[in-house]
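This report concerns only the one structure given below.
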Amino acid sequence: MEWRHVVTNLSRWGLIVTIGSLLLITSSISKFVKQGMISNLVNNNNHHDCQFPAIYNFGDSNSDTGAASAVFSPVLPPYGITYFHKPSGRYSDGRLIIDFIAENLSMPYLSAYVDSIGTNFRHGANFAASGCTIQPADALMLNRTFNPITLDVQLSQFEQFKKRSSDLFNEVVSSEIKDRLPRSEDYSRALYTFDIGQNDLHAGITSMKEEQVKKYIPSIINQFASVVEKLYQNGARTLWIHNTGPIGCLPVLVKNNPPPRNNTDQIGCVNSYNELAQEFNKQLKEKVLKLRTQFQEASCVYIDIYSLKYSVISEANKYGFVDPLGKCLGQDGDDSKACANPYEYINWDGIHYTEAAKKWVANYIQDGSMCEPKIPLREACRAVSRYRL
């Protein structure tokens, strides 16, 4: 902690700091820190000032708000039926967790970086794309490429976005154009979110034995960490990292390829697949803890999506859902037909969750109860200032 930070913050609290009074500060500072008084004062002082100016998201179809739909083929009805009342580029019947995060922060929904129609990047950009993996497209584990816009490509897109938008912001005079571009000072104050890894596991599960997949996990986690490190070097300071969900509970795997009875848990999920997800999450959490130590000026928050999703599936009736391992879309084999009430279902199309389930999960993310450390979403922007102090 540097004296200039102490002096600046004490001045901000309305205290007159003189050379003589520094002696008093010296004798009291350790006591203040131990009691958390400085942290509380900073929090109270910044209560009305702390707000993320932007969100930059990286991931797969769990948070894709239009990338794959813009680049490849459009998402068709009945996707988007419950909230947008039309396809919105999202692989769900409505909003995604990233949408609820934006709502909670009183921000507009994120525009997909590759979508050129009606985009506004003042409050961030979404680089996530359906089918993406952490591994690069030519990785040995991938017997086929789900989507070439892998995490390393998303990083490259962000770097290009940052440079080109900054250049344009400085060149143009029109306020109409400037108002749709991020400000250079906002990158270090923005929220950076990550939700990716499910497709890496799915690629392995469908092409090799579980033990072989397990051997690839350390490499996948290291590749993820490498991207996060480069984002930190590019100014990212608040990192919100979701782990991967219980892939062994996805209807596409449970119903289409029923596992042997000795490989299912008490609710019918595939044990061996979920064990892979748990191992992935274990190593991811260990890596996040290391990054937290490495990044002295950043806040790295790990969010336990797995436990939330498994909880809502295993206790579906308690939370008002039916058929926890079933799906709403295409129940009779016709994928153009949705169930009568999507709000009753956890899974939308066999792979992606419904808006109702995602909203349930998002509520626990926002209050910080499933975060490590336990930081409510609205408080996360103050975590960096605490680290800096």
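The values are calculated or read from the model by the stated rules, or taken from the named source; none is laboratory data. Quantities reported herein were computed from a predicted structural model and do not represent experimental measurements. Neighbour counts run over all protein chains shown; Cβ positions are idealised from the backbone, glycine included. Areas reflect the complete protein model, heavy atoms only, side chains present, ligands, DNA and RNA absent. Shrake-Rupley method; radii C 1.70, N 1.55, O 1.52, S 1.80 Å.
Worth a mention:
- Relative contact order of segment 63-183, taken over Cα pairs closer than 8 Å and 6 or more residues apart, is 21 percent.
- For the cross-link pairs Lys214/Lys290; Lys162/Lys287; Lys86/Lys163, the ones whose C-alpha atoms lie over 23 Å apart are Lys162/Lys287; Lys86/Lys163.
- Student exercise, segment 238-327 dipole from Lys, Arg, Asp, Glu Cβ charges, in Debye to nearest 20: 80 debye
- Hits among aspartates and glutamates - C-alpha to C-alpha of Lys318 under 16 Å, sequence gap 8 or more where chains match: Glu344
- Per residue accessible area in Å² of segment 297-389, where ligands, DNA and RNA are left out and the probe is 1.4 Å: 41 Å²
- For segment 146-281: rounded, prolate or oblate by the Cα gyration tensor [a/c cutoff 1.5]: prolate
- Cα gyration tensor category, rounded, prolate or oblate, for segment 278-321 with a/c compared to 1.5: oblate
- Of all accessible heavy-atom area on segment 195-316, the percent that carbon and sulfur account for (1.4 Å): 45 percent
- Per residue, the accessible area of segment 104-177 comes to 49 Å² when a 1.4 Å probe rolls over the protein heavy atoms.
- The accessible area of Tyr113, taken with all protein chains in place and a 1.4 Å probe, comes to roughly 50 Å².
- Segment Ser307-Asp167, extension gain: residue separation times 0.36 nm, minus the distance between their alpha carbons: 46.1 nm
- Accessible surface ranking for Thr82, Thr264, Thr206, 1.4 angstrom probe, highest first: Thr206, Thr264, Thr82.
- A 1.4 Å probe over all protein chains sorts Cys50, Cys371 by accessible area into Cys50, Cys371, starting with the largest.
- For the pair Arg261 and Glu211, a Förster radius of 22 Å applied to the C-beta separation gives a FRET efficiency near 0.60, rounded to the nearest 0.05.
- Nearest-10 value in Å² for the accessible area of Ser219, using the 1.4 Å probe: 60 Å²
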